[in-house]
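J.: Take this structure, written in structure tokens, and hold onto it; I'll ask about it next.
Coordinate-derived values only; no laboratory data. Predicted model only: the values in this text are computed from it and were never measured. Glycine also receives a Cβ, built like all others from the backbone with ideal geometry; neighbour counts cover every protein chain displayed.
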Amino acid sequence: MRKQFLDNPWVSYRWVPQEVLPDFGQFTAEGRNANHSSKFSGQFLGRDDDGESWLFTGYELDLFPDEAEGYYLNLSATQPCWFVMWRLEEDIDRYIDEQSIELAKSETTFAVPHRISVSYNEAGRLLDGGESVDSVPMSPEHASWLQEFVNEHYRPEEKKRHRPASFKGADRPMEK
């Protein structure tokens, strides 16, 4: 997640997902707070003139055959993407590692990603439910991995021909 500083008289920063990376063991949970009741863990990465970067780990991405249409719609877009559902949290002790907690507590609320998805339909359902969902561009390598799943599991629904109402007959009351 990226805390982007803004030159704005009303808001000094905004939160945006910056990147989604697969974890092949390169991210460790050594600094993880022993009081974590969450499987997610965030740590401060660094600050520059434009903002701060935070790394959150502990997410799993499961693909489901019945969600294949949503994956297909994502891949059909101009730029396939990851969908990151995040919330501004007040009780952040359970999400941030011990080394970073004091810095995180300098704000009253903190952006914590709660879900990663690659389904256009799931992202839509989350947005309809009032959640904050942002997209992060997907690399061609990850898009090809998702395409393999879609090729195996997605079958478009057959289009049914709908008869025009004029051919269905008039709705007339029965004669007595």
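J.: Obtain the nm distance between the two label points defined at Lys105 and Leu88 by a simple spin-label model: each point lies 7 Å from its Cα along the Cα-to-C-beta direction.
T.: Each label point is offset 7 Å from its Cα along the Cβ direction, giving 2.1 nm.
J.: Taking a quarter of the surface of the convex hull around the Cα atoms of the chain, what do you get in nm²?
T.: If you wrap the Cα atoms of the chain in a convex hull and average its projections, you get 18.2 nm².
J.: Right, next: Have a look at Pro113, Pro22, Pro80 and tell me which one the Gaussian network model of the chain (Cα, springs below 10 Å) gives the largest fluctuation.
T.: In this elastic network of the chain, the residue with the biggest mean-square fluctuation among Pro113, Pro22, Pro80 is Pro22.
J.: Taking the chain as a Gaussian network, where each spring joins two C-alpha atoms under 10 Å apart, which residue of Trp82, Trp145, Trp54 fluctuates the most?
T.: Ranking Trp82, Trp145, Trp54 by mean-square fluctuation puts Trp145 first.
J.: Report the relative contact order of the stretch 60-154, percent, no decimals, based on alpha-carbon pairs under 8 angstrom and at least 6 residues apart.
T.: Dividing the mean separation by the residue count of the stretch 60-154 yields 44 percent.
J.: I've got another one for you. Based on DSSP H runs of at least 4 residues, each adding -39500 (n - 2.57), what is the mean residue ellipticity at 222 nm of the chain after dividing by all its residues, to the nearest 500 deg cm²/dmol?
T.: After summing the helix terms and dividing by residue count, I get -6000 deg cm²/dmol.
J.: While we're on this one: Counting pairs on different chains as well as pairs 8 or more places apart, how many Lys pairs in the chain have Cα atoms under 28 Å apart?
T.: 6
J.: Now a separate question. Which whole-number percent gives the relative contact order of the chain, counting Cα pairs below 8 Å spaced six or more residues apart?
T.: 24
J.: Just want the answer: with Cβ charges of +1 for Lys and Arg and -1 for Asp and Glu, which residue in Phe110, Phe24, His162 is farthest toward the dipole's positive end in the chain?
T.: His162
J.: With springs only between Cα atoms under 10 Å apart, run a GNM on the chain and tell me which of Arg115, Arg47, Arg94 wobbles the most.
T.: Arg47
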